[in-house]
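Every number in this text was worked out from the coordinates using simple rules, so none of it is lab data. Values in this document were obtained by computation on a predicted structure and should not be read as measured data. No Cβ is skipped: glycine too gets one built from the backbone with ideal geometry, and neighbour counts run over all protein chains shown.
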C-alpha cells in the first residue's frame, strides 16, 4: 500500500492532485486510523495503475504521421 506522497512520486504528480482524485472518488483508497479520526490514506498500487491507464490519451490516427 502506498501513501499519498509515494503515489504522487510514482506517477509524477503533486500530492494535492492525488488527494483530489481520492476526494472525487476517481482513485479507490483506504483510510487507516481509529474510528472518529480521518486517518491516513493508503492506495493500492494496482488501483493507481488502473487510474493512470484510464487517463491515457492515445494520439488521433490522423495525427500519427505528423511530427
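Inter-label distance, residue 5 to residue 35: 3.1 nm, where each label sits 7 Å from its Cα along the C-beta direction. Computed from the Cβ-Cβ distance with R0 of 30 Å, the FRET efficiency linking residue 59 to residue 24 stands at 0.70. This ranking places 60, 29 by how few other beta-carbon atoms lie within 10 Å of each, fewest first, which gives 60, 29. Among 56, 31, 42, the largest mean-square fluctuation in a Gaussian network model of the chain, built with springs joining Cα atoms closer than 10 Å, belongs to 56. Neighbour counting of Cβ atoms within 10 Å sorts the residues 9, 4, 18, fewest neighbours leading, into 9, 4, 18.
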